[in-house]
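To start, the structure itself, in structure tokens.
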Amino acid sequence: MFGPRVALASLSGEADADWARAVTDYVGCAVLGGIALDDTTREAARAMTDRDRSEFLPADPVAFVDTQLGALADAPLRGAFNVRSATLAPIERVAVVCGDHDAILELNAHCRQDEMCAAGAGEALLRDADRLAEQVRTAADTGAAVSVKVRAEVPGVDLSDVAQRIDEAGADAIHVDAMDSEPVVADIAGATNLFVVANNGVRGRETAREYLEYGADAVSVGRASDDPAVLSAVREAADDWFTQEVTG
């Protein structure tokens, strides 16, 4: 899916092409965004900015995705874009754009902001696996590579079951915010054929190796994504791990 096996996790209103290009020496994938695609989620995003949350709110979100991914065309990494939508049509349109750039479309089933959940996007999709699977199928049917960003520790949600549903619907990867439940990575890796990217608290060799030992195929760095020292240590850990797998 990408190499080296280190990704930058999206940061709302901050993760753009310039952010990704600043640290291309350390990562194999950069997830830009997130971005709200349809009227309902854009209204939610605007409400979130009213309480000082940073959000991308371009006039044409699909064109914005196209421009941002185009700005990474000559970068030595694979682009990806985290998107939020309550409806299918814009997901299909942006999936085509991602496919044109050989980028990964990352469907957001992760955002827990009240406004986005009330719009039927983000974490709300974890509680409605049928709708989430429908979003995955819509994107995958365009031929684009599809990932889903999820979070652990959502009451009443079995992430292994969700992972199996999106695997069956055609997803290629799952980006797991493990919260304080790191073993969930092993549960998902054992239950699916998905490429598992593990996230939360990745800050160096020790934390990266912990997720890789649980079966992650890659790790991602969020808030420390602008820190070359952190990224260098994480990449070194991932490179060492997968070199050992090949030679062991």
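The values are calculated or read from the model by the stated rules, or taken from the named source; none is laboratory data. Small disclaimer: the values here were computed from a predicted structure and weren't measured. Here Cβ is always computed from backbone atoms with ideal geometry, including for glycine, and neighbour counts include all displayed protein chains.
Which one of these is surrounded by 19 or more Cβ atoms within 10 Å (Cβ to Cβ), in contact (Cβ under 8 Å) with a residue 24 or more places away in the chain, touching a helix residue (DSSP H, G or I) at 6+ places or on another chain (Cβ under 9 Å) and not small (Gly, Ala, Ser): ARG53, ARG84? Unique residue meeting the criteria: ARG84.
Only one of the numbered conditions (1) within 22 Å of SER10 (Cβ to Cβ); (2) touching a helix residue (DSSP H, G or I) at 6+ places or on another chain (Cβ under 9 Å); (3) without any contact (Cβ under 8 Å) to a residue 40 or more places away in the chain; (4) in a helix (DSSP H, G or I) is not met by GLY201, and that is (4). For the stretch 159-177, the set of residues classified as farther than 19 Å from ALA80 by Cβ and not charged (D, E, K, R) consists of LEU159, SER160, VAL162, GLN164, listed by residue number. Reported count of residues in the stretch 185-198, each being in a strand (DSSP E or B) and of a type in the set (Val, Ile, Thr), is 2. Close Cβ contacts (under 6 Å, 6 or more residues apart or on different chains) running from residues in the stretch 167-185 that are surrounded by 15 or more Cβ atoms within 10 Å (Cβ to Cβ) to residues that are acidic (Asp, Glu) and part of a loop (DSSP other than H, G, I, E, B) comprise SER181/GLU153. Among the numbered conditions (1) over 28 Å from VAL96 (Cβ atoms); (2) part of a helix (DSSP H, G or I), the only one that GLU182 does not meet is (2).
The set of residues from the stretch 1-30 being of a type in the set (Lys, Arg) and assigned to a loop (DSSP other than H, G, I, E, B) comprises just one member, ARG5. Taken over the stretch 61-82, the residue count meeting the criterion of being touching a Ser or Thr at 6+ places or on another chain (Cβ under 9 Å) and under 28 Å from LEU126 (Cα atoms) is 3. Can you pull out every residue in the stretch 12-58 that is closer than 25 Å to ASP239 by Cα and polar (S, T, N, Q)? Result: THR24, single match.
Take the residues of the stretch 18-50 that are more than 16 Å from VAL221 (Cα to Cα) and in contact with a strand residue (DSSP E or B) (Cβ under 7 Å, 6 or more places away or on another chain): which is surrounded by the fewest Cβ atoms within 10 Å (Cβ to Cβ)? Among them, the one singled out is ARG42. Between ALA119, ALA71, the distinction of being crowded, with 23+ Cβ neighbours inside 10 Å, more than 18 Å from the chain's Cα centre (by Cα) and either under 17 Å from ALA20 (Cα atoms) or in contact (Cβ under 8 Å) with a residue 40 or more places away in the chain (or both) belongs to ALA119 only. Restricting to the stretch 208-238, and then to whatever is under 17 Å from SER10 (Cβ atoms) and among the charged types (D, E, K, R), can you tell me which residue is modelled with the lowest pLDDT? For the stretch 208-238, the residue satisfying everything is ARG223.
When each of THR138, THR207, THR192 is tested for being farther than 22 Å from SER220 by Cα, buried (at least 16 other Cβ atoms within 10 Å of the Cβ), among the hydroxyl-bearing types (Ser, Thr, Tyr) and over 15 Å from the mean Cα position of the chain (by Cα), the lone residue that passes is THR138.
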